[in-house]
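Each reported figure results from applying straightforward, stated rules to the coordinates on display, with no laboratory input. Bear in mind the structure is a predicted one, so any value in this text is a computation, not a measurement. Please note: Cβ atoms are built from the backbone with ideal geometry, for glycine as well, and neighbour counts cover all protein chains shown.
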There are 4 protein chains.
Amino acid sequence: MSYSLGSDAMLNLFTDDSIMGEQFSFSADLSAMIDFERALARAEGSAGLISSDHAGRIAEALDAFEPDYEALRAGFLKDGAAPPSLVAQIRQALDPDIRSSFHFGGTSQDLMDTSLMVRLKRCVALSTTRLKALDDRLALLADCYSDELKLQARTRMQIALPISVREKIRNWRTPISRLSTTKPTSFPLQLGGPEGEARKLGAHYAEIAGAMAEMLGLDAPENHWQTDRQPLMGIAFWFSQIASAMGKIGQDVLFMCQSEVGEARLAGGGSSSAMPHKQNPVRAEIVVALARYCQTQMNGLNTASIHENERSGTAWTLEWMLLPALVVATGSILSNTTEMLDGLTFAEGRD
Amino acid sequence: MSYSLGSDAMLNLFTDDSIMGEQFSFSADLSAMIDFERALARAEGSAGLISSDHAGRIAEALDAFEPDYEALRAGFLKDGAAPPSLVAQIRQALDPDIRSSFHFGGTSQDLMDTSLMVRLKRCVALSTTRLKALDDRLALLADCYSDELKLQARTRMQIALPISVREKIRNWRTPISRLSTTKPTSFPLQLGGPEGEARKLGAHYAEIAGAMAEMLGLDAPENHWQTDRQPLMGIAFWFSQIASAMGKIGQDVLFMCQSEVGEARLAGGGSSSAMPHKQNPVRAEIVVALARYCQTQMNGLNTASIHENERSGTAWTLEWMLLPALVVATGSILSNTTEMLDGLTFAEGRD
Amino acid sequence: MSYSLGSDAMLNLFTDDSIMGEQFSFSADLSAMIDFERALARAEGSAGLISSDHAGRIAEALDAFEPDYEALRAGFLKDGAAPPSLVAQIRQALDPDIRSSFHFGGTSQDLMDTSLMVRLKRCVALSTTRLKALDDRLALLADCYSDELKLQARTRMQIALPISVREKIRNWRTPISRLSTTKPTSFPLQLGGPEGEARKLGAHYAEIAGAMAEMLGLDAPENHWQTDRQPLMGIAFWFSQIASAMGKIGQDVLFMCQSEVGEARLAGGGSSSAMPHKQNPVRAEIVVALARYCQTQMNGLNTASIHENERSGTAWTLEWMLLPALVVATGSILSNTTEMLDGLTFAEGRD
Amino acid sequence: MSYSLGSDAMLNLFTDDSIMGEQFSFSADLSAMIDFERALARAEGSAGLISSDHAGRIAEALDAFEPDYEALRAGFLKDGAAPPSLVAQIRQALDPDIRSSFHFGGTSQDLMDTSLMVRLKRCVALSTTRLKALDDRLALLADCYSDELKLQARTRMQIALPISVREKIRNWRTPISRLSTTKPTSFPLQLGGPEGEARKLGAHYAEIAGAMAEMLGLDAPENHWQTDRQPLMGIAFWFSQIASAMGKIGQDVLFMCQSEVGEARLAGGGSSSAMPHKQNPVRAEIVVALARYCQTQMNGLNTASIHENERSGTAWTLEWMLLPALVVATGSILSNTTEMLDGLTFAEGRD
């Protein structure tokens, strides 16, 4: 029997039914890599690096291309990357006379990093929308409470002075708003060829990279970033900051839900197998656990961010294990936070 | 579309076809939790805490019990843990007169931690066998080379003095042998009841815990360990040490496979989409990446190891996300290391 | 005997003789906290919240104030923070009639976080200057080599195709230039008072915060950030990105210095106690080790970034342990990288 | 101005006045390295590898040797390790005719790792004693309370059922007792020579290693462990487990000290600069922060545990930055926990 991380029981907690989860499927990856090849052929055709007839025929063939998934999986395992067998399959589907015009000057990492960037850009856009919705949700929640209802500010786990529900919620919202202003805005195309210098493109590099970036909705790169993972790390860090901001809300809810504090209550709380009187603040627990899970994957990425020489096969593979986990778990934390807020009510504390 | 970590493309790298991967399926977890309940009923029957007739009828009902998976998944999500709905389903399947004898004195964490320990014990046993096989494989590999063939010892990334293939391999084997002697030997039953003190079992605690441990192939606990995660952390650390020992071998292979060094060669190396002359050392890259992946999850577990009060809902949930990932990826690293060694040949270096 | 981390032998590796290291001394911290109090008094005087006579006399007293360090250290240990005893000492030094106007509406965290932000701003400025100098140094180094000298691009630890020294160096410079454009630009004042809502300042909050920020060279905050650590985390992440960019250079130098590769040589290499022929690439090793040290501290900070309730005594204390270590080690990595580059020469590789 | 991590203000929190802190001073390191050389000379003299006259004269010279610290520091920085200049200084102090008998067959890492192991063994012994004292302290504390006094067990941050003070304390003590039984018992000598194979010792290896181990109070190694860091990692993990066990106690105290809970009170609590009524649970905060600090350093060590080739200059240097920090902070957490317990009283909770 085969196994995948997060399978079965825990799968449910990680499930992200949004378009975000879908971005890390094999098919989404392949589709974006095929888009890369189409853009490359077109841009090279326009620049006169390959004939425009070849460019057009390659683009058409890519439109019609149907990958043999089984063979691609086998190739992925053998090559440690999908592009070699993908490129081979596509080349096989082309008329022999145009094969040498295909994938001209590109390399595996160009396909993979560009595909990743296209999909991350979608995830950032989607997360921004969801953060906005969450912020609105918090604003509505604040509006439900008059300033009469007093909670206790607690500093260093001791009661300090009263604060209102609105103030508490404002403190949750500040980092959420800031995430909108600090959201990643640079999603560079990766184009470097075998050694990073894209020699086959020669003087046409800027023209081709610019045209491709426009076709793919990305930014034209100043330089390849195949070992310079800052563009990726900045995006990953943003996702981890979302996770931490949600974790703060979940943590606060847990503290307020404590039996003796009683300032918050989560509807739909989990039951206990032994104590029928208990209502466990399940959704808040999951939010905090997911936040810590995201931090863990981010820390691994941080450690993986030094790529040796001109391309690192190990750091690369490690990124594929950690980054999707971080992004999808961030998607899941956003849904779980929303669900938690839907069940949240505040009350005058017991003190 | 739903998503799970490690899905699709990366799934292949993580796949562990052994019985080890299977241990973290929902069905394996449920099955071990049902075993817990059977052992609890029998032990309580023998101790006279419930009638032996009830104990026998509960055990029979558990033998015949068929879980409604769909409902259990829903319950899991709602309660943040599987046992509440599992216990409810089983209780429903019992004759009303014996229901109060069921799950007597137990609590969710007793089921979950015990189930985890039973399955970890299997994973440790399996890994020990696989480490032994790997060690034998290395011994055979060493035997293939005469002492004439000289590699270079490299210290601080500079050539030091010659060493033989056998010496190189001996250095890989030492930590593997040590892992056999340091392997976890304590797999305690968890039995604490709602607050950890198992009051309903009263003076029968040691008797019941001892009997249950024997039935389940576990060790009788001196105390519950519901917030004392040392037993779990020790096991997790051992798995992470396997990963690091394999990572060392993979790292060394990568260094020796460098074009200029040429002391090692991996058959079946991955091809490049742009440079047909290249043979990439894919299997070694995957071994190193998996080692770093395992270290990442271990580090998260380390951070999660302080459980507040008498039971932590967040640290618990986080463990479920990280520990299976660590163990299954360790399984995967063992298969990938074996596969790497199958393709490994040494050669006089180019210097 | 007392001990401090990084003492003695290792101290040398961490020593940062620049103004950056000095920022984390107790005296620099106290001095910035005293500046906070002066700015608070003046702003409150202008706003009419305290009398302008009191404000002037407080400012004068602060100018003349000489802290009793010994008592402050004892207070720090007792209170877990320096401000309570600092405020008490200052208050003691004031004429009794103006004591109630002092520290009006402020709290310990306001002093500490603002002091930290002032000093971090200086560290960012200094690091920016040093990054610029390093970038210029790299440009000069590139200019020393004609395009004739060919290195090998290595991808996945295999020789790919030739690249020039200038191209190699350009790849190191890209992330350094980007660090100039992504450098932190927001250094907010912290002003929240006991519960974060700064109630004693009332409607004057924006006016006072704005005036104080201007006096202290900081940004006026939209909201307090006593539990919202994004401002701090963004700065810490930037430092860790410097460390990773330097680590990449160090790592590449190590790979190129390998005996069989011979594309780079570090003058002043360390000697071996046993092998006189060896020249160890010490400075590059230290750069890589410091990069990994910085990543470690950053990962700890990431884990510490969820502060519970309205002020977290534990997360706070943890920040003080990790953040200075990260920043000072980044300073050290910048000096060590410069020193490494001073001794670096490239050569046609041995292949 | 020079700087060291943890300097000034934070220094106090890390200060460990015990012999443990002293182990990581430069002088303790040098002294243990000199012991290594003495043992090496004597063992080689007995084995006839060097003349026994030379061995005796080397031992005498070592007894009288006074290191030039300033020169050693400079050498350390240049060589990235202390031994090369230490060995050179000692050799200079020897009569020319016996110089070639000195450091015969040894290498820098032999001195450094053996010195580290000797000092870690002392730290383990000292920590064991302190854990025992702490356990006794907890036993005494438990004895102060009758079973009448009821605390609340809290599971998933909700009140579950009552437990007694004694039961609470028993749960803290279980992991402490287990740490006594799982304490590291293997402290191997490191002896490998330049390439790990100690060729100059030839067939005398086992004899010499055995004699040296006995003289130094260490275990005779089966193989060198210069790249096999399991012996070190096992010890580091044990220290991190101490930290986590203390962190658990600190965390629980913080939860019980919450204003609304009121089940515990810490005497000598820190005061607030703004709220005279508050008593902050400072010592518990420091314990938790130190626990998280230790986990952070442990995680870095875990990441550093794959040493490439036959000796890694970077992983080695990183260990020196992280391991002393972990051990000394563990020492500090033990003192801080003791101090916390000295001020701890329990009370019937407010509910």
Could you compute the FRET efficiency for A:Ser100 and C:Arg265, with r as their C-beta to C-beta distance and R0 at 41 Å, rounded to 0.05?
-> 0.50
Which of the GluC sites (Glu not before Pro) found in the stretch D:194-287 are loop residues per DSSP with 10 or fewer other Cβ atoms within 10 Å of their Cβ?
-> none
Let me have the 222 nm mean residue ellipticity of chain D computed from DSSP H runs of 4+ only, each contributing -39500 (n - 2.57), with the sum over all residues rounded to the nearest 500.
-> -20500 deg cm²/dmol
Would you please state which residues of the stretch C:317-351 a label at C:Arg137 would reach in this model, taking the label point 7 Å out along Cα→Cβ and a backbone N cut-off of under 15 Å?
-> C:330-345
Output the pairs from B:Lys248/B:Lys278; C:Lys121/C:Lys248; A:Lys150/C:Lys78 with a Cα-Cα distance over 27 Å in this structure; if there are none, say none.
-> A:Lys150/C:Lys78
FRET efficiency estimate (nearest 0.05) - Cβ-Cβ, D:His277 to D:Ser177, R0 60 angstrom | 0.95
For the protein assembly as shown, rounded, prolate or oblate, judged on the Cα gyration tensor with a ≥ b ≥ c (square roots of eigenvalues), a/c < 1.5 rounded, else prolate if a/b > b/c?
-> rounded
What average number of partner chain Cβ atoms lie no more than 10 Å from the Cβ of the residues making up C:83-92?
-> 2
What helices in chain B pass both tests, a Cα length along the helix axis of 20 Å or more and a mean Kyte hydropathy of 0.5 or higher, using whole DSSP H runs?
-> B:230-257, B:313-342
Separation of the A:Ala220 and B:Ala59 label points, Cα + 7 Å toward Cβ, nm = 7.8 nm
Counting alpha carbon pairs within less than 8 Å and at least 6 residues apart, what relative contact order, in whole percent, applies to chain D?
-> 19 percent
Could you grab the relative contact order for the stretch D:200-351? Cα pairs under 8 Å, six or more apart, rounded to a whole percent.
-> 31 percent
For chain A, would you read off the P(r) tail past 38 Å as a percentage of all alpha carbon pairs?
-> 30 percent
Pairwise label distance in nanometres, D:Ser51 with C:Thr345, each label 7 Å out on the Cα-Cβ vector = 4.4 nm
Within 10 Å of each Cβ in peptide D:48-56, how many partner chain Cβ atoms are there on average? Round it to a whole number, please.
-> 0
Rel. contact order, % - alpha carbon contacts under 8 angstrom, at least six apart, the stretch D:127-283 | 16 percent
Name the residues whose placed amide hydrogens come within less than 5 Å of the amide hydrogen of A:Leu161, ignoring near sequence neighbours (fewer than 5 apart) on the same chain.
-> A:Ala153
